[in-house]
Amino acid sequence: MQIPFVGFQPVKTSEHMAAFGVFGLLQLIAAVRFMQSRITRSQSVVLLIAVVVSTIVLGLGGIMLLTYAGYIAPWSGRFYSLWDTGYAKIHIPLIASVSEHQPTTWVSFFFDLHITAAIFPAGLWLCIKRVNDERVFVILYAVTAVYFAGVMVRLMLTLTPVVCILAGVAFSELFEKYMINDNLKDVTSPPNTKGKRKVIQEPASNSNVAANNGFNIGLNTRSAVIILFLFILSMFVAHCTYVTSHAYSSPSVVLQSYTSREAYYWLRQNTDENAKVMSWWDYGYQIAGMANRTTLVDNNTWNNTHISRVGQAMSSNESAAYEIMQELDVDYVLVIFGGVTGYSGDDINKFLWMVRIGGSTPEGAHIKEDDYFSKKGEYRVDKEASDIFKQCVMYKLCYYRFGGIMTEHGLGYDHVRRSIIGNKDFKLEHLEEAYTTENWIVRIYRVKKPNNRGL
């Protein structure tokens, strides 16, 4: 609670109430057990049942009352998304638009877990086969973590520890079976005059070998299996090192290229230090950190309405968007475009999320996702694209002057969408191009000032 970001969330949010309640219940059970030594057995059973039932009833009633009074925050959209995978897309598009909230693919499972993804079910079966109080926790943890990790890719973090534990159990069992020679048994001789026992290894009888789970494998087979699994484990270590050093250690700055950093450097050197830059929230931290300029939204923006206004500006025609930009006092607009280089993570591919988020608030109720699809119901950028899409700000800022670029497939060929754009010849009325990187990945536009500004 001393960490500002955490604060009193563990005791004031609905998601934490179950864990907080279990903590309190454990204290009551400990108190009951303390009292059991001072009362009869029948009285202790009645007391335990009464305490548990009253605690659950009073606890649920208290939580409902405090939630109704506003002292406990209701369940968040992320929590609902864990149980209803389509909830966020319908009710809170902002949550669904985040890549780490998407369902986990099989590729992600095997990329993150490697061989442990295939081995940990064996460890889970061994725990079920030899269940005790400690293993019940591991079993429940594994089953619930697998489900939640499949719903959200970010929850792979909660699955990984139990996968490592159960994979370790499985490997331990395997090596124990194949490394210990069951054909030899320890025979302890009687103590000698000095009181010490001498351990002598003698071949075990056939009955002892058969009694040992019927596990009687030759030395060559044992050695081959051990070498094979040692090789697999060494590959697992090499894979983990690669993933740590490459996939999860490099900062995500659009593309790891000089041109991306060059654009932020241009903003720092050629714009007023108080200039406000409008972009999609994905690039807010990058602009603030590298260009040292104010952004409207970033990765920590909690105001859905504010993000929705940016989505409305990107989804509207230039005149309507200009009014929103004036309302937000925007000086520059930054977009990411990959049509020249083939970078698929650009703003055109993210645009439908801007439309959904922009239309999720009352101010953007006029923005409908279907209006940005072709007559066949497809998301296209060529001549079959809808007129509303071809006139919106995002389309124009990404494809401005792009229709004049000659490629091997003709003028204005988008290498990501693999088609020639449908709106080539257009002019900007309220915005002007300020800077475009060499490969057209980052494009920056200056918002024109009204003619009567300052009067």
Worksheet item: Whose amide H sits under 5 Å from the amide H of LYS276, counting only residues 5 or more places off or on another chain, with H placed in the peptide plane?
Response: ASP331, TYR332
Practice prompt. Let me have the relative contact order for the chain, percent, based on Cα pairs under 8 Å that are six or more residues apart.
Written response: 10 percent
Fill in: Anchor LYS383: aspartates and glutamates whose Cα lies under 14 Å away (excluding residues fewer than 8 positions away in-chain)
ASP414, ASP425
Response to the item:
With TYR400 itself left out, Lys, Arg at +1 and Asp, Glu at -1 over residues whose Cβ is under 15 Å from its Cβ give 0
Worksheet item: Picking from PHE20, MET325, TRP353, whose Cα lies most toward the positive end of the charge dipole for the chain (charges on Cβ: Lys, Arg +1; Asp, Glu -1)?
Response: PHE20
Item to complete: Among GLN2, SER37, GLY422, pick out the residue whose Cα is farthest towards the positive end of the charge dipole of the chain, where Lys and Arg carry +1 and Asp and Glu carry -1 on C-beta, about the Cα centre.
Response: SER37
Worksheet item: Which of the peptides 433-441, 8-16 is most tightly packed, and how do the rest follow, judged by the mean count of other Cβ atoms within 10 Å per residue?
Response: 433-441, 8-16
Practice prompt. Evaluate E = 1/(1 + (r/R0)^6) for GLN43 and THR241, where r is the Cβ-Cβ distance and R0 equals 56 Å; express this FRET efficiency to the nearest 0.05.
Written response: 0.40
Worksheet item: Taking amide hydrogens as modeled 1.01 Å from N in the peptide plane, which residues meet the under 5 Å criterion relative to ILE420, leaving out close sequence neighbours?
Response: ASP414
Item to complete: Once you've got the Cα coordinates, tell me which of LYS375/LYS424; LYS12/LYS276; LYS12/LYS350 are over 26 Å apart.
Response: LYS12/LYS276; LYS12/LYS350
Fill in: Descending Cα extents along the principal axes, segment 1-158, whole Å
59, 47, 31
Discussion item. Under 5 Å between amide hydrogens, which residues at least 5 positions from LEU431 or on another chain qualify, with H placed 1.01 Å from N in the peptide plane?
Written reply: LYS448
Discussion item. Based on Cα coordinates alone, diagonalise the gyration tensor for the chain, multiply each eigenvalue by 5, take square roots, and list the semi-axes in whole Å, largest first.
Written reply: 59, 34, 19
Worksheet item: Can you give the Rg to Rh ratio for segment 258-447, taking only C-alpha atoms and Rh from Kirkwood?
Response: 0.94
Fill in: Contact order relative to length of segment 258-447, as percent, for alpha carbon pairs under 8 angstrom and 6 or more apart
24 percent
Item to complete: For the chain, build the charge dipole from Cβ charges (+1 Lys, Arg; -1 Asp, Glu) around the Cα centre, then report which of VAL51, THR104, TRP440 sits farthest towards its positive end.
Response: VAL51
Worksheet item: Between TYR379 and MET406, how many nm apart are label points set 7 Å from Cα along the C-beta direction?
Response: 3.3 nm
Response to the item:
Per the rule of 0.36 nm per residue minus the C-alpha distance, extending TYR80 to TRP125 adds in nm 13.1 nm
Discussion item. Suppose R0 equals 51 Å. What FRET efficiency, 1/(1 + (r/R0)^6) with r the Cβ-Cβ distance, do GLU134 and THR301 give to the nearest 0.05?
Written reply: 0.75
Worksheet item: Say each of LEU233 and GLU327 gets a label point 7 Å from the Cα, pointing the same way as Cα to Cβ; how far apart are those two points in nm?
Response: 6.2 nm
Response to the item:
Among trypsin sites (Lys or Arg not before Pro) in segment 288-381, those in a DSSP loop whose Cβ has at most 15 other Cβ atoms within 10 Å are LYS368, LYS375, LYS376
Worksheet item: If you stretched the chain out fully between ALA73 and GLN102, how much longer would it get, using 0.36 nm times the residue separation minus the C-alpha to C-alpha distance?
Response: 8.0 nm
Discussion item. What's the magnitude of the charge dipole for segment 258-447 around its Cα centre, counting Lys and Arg as +1 and Asp and Glu as -1 at the beta-carbon? Answer in Debye, nearest 20.
Written reply: 380 debye
Worksheet item: If you stretched the chain out fully between ASN270 and LYS424, how much longer would it get, using 0.36 nm times the residue separation minus the C-alpha to C-alpha distance?
Response: 52.5 nm
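Values in this text are rule-based calculations from the coordinates and carry no lab data. Since the model is a prediction, treat every value here as computed from it, not as a measurement. Note that each Cβ is placed from the backbone with ideal geometry, even for glycine, and that neighbours are counted across all protein chains shown.
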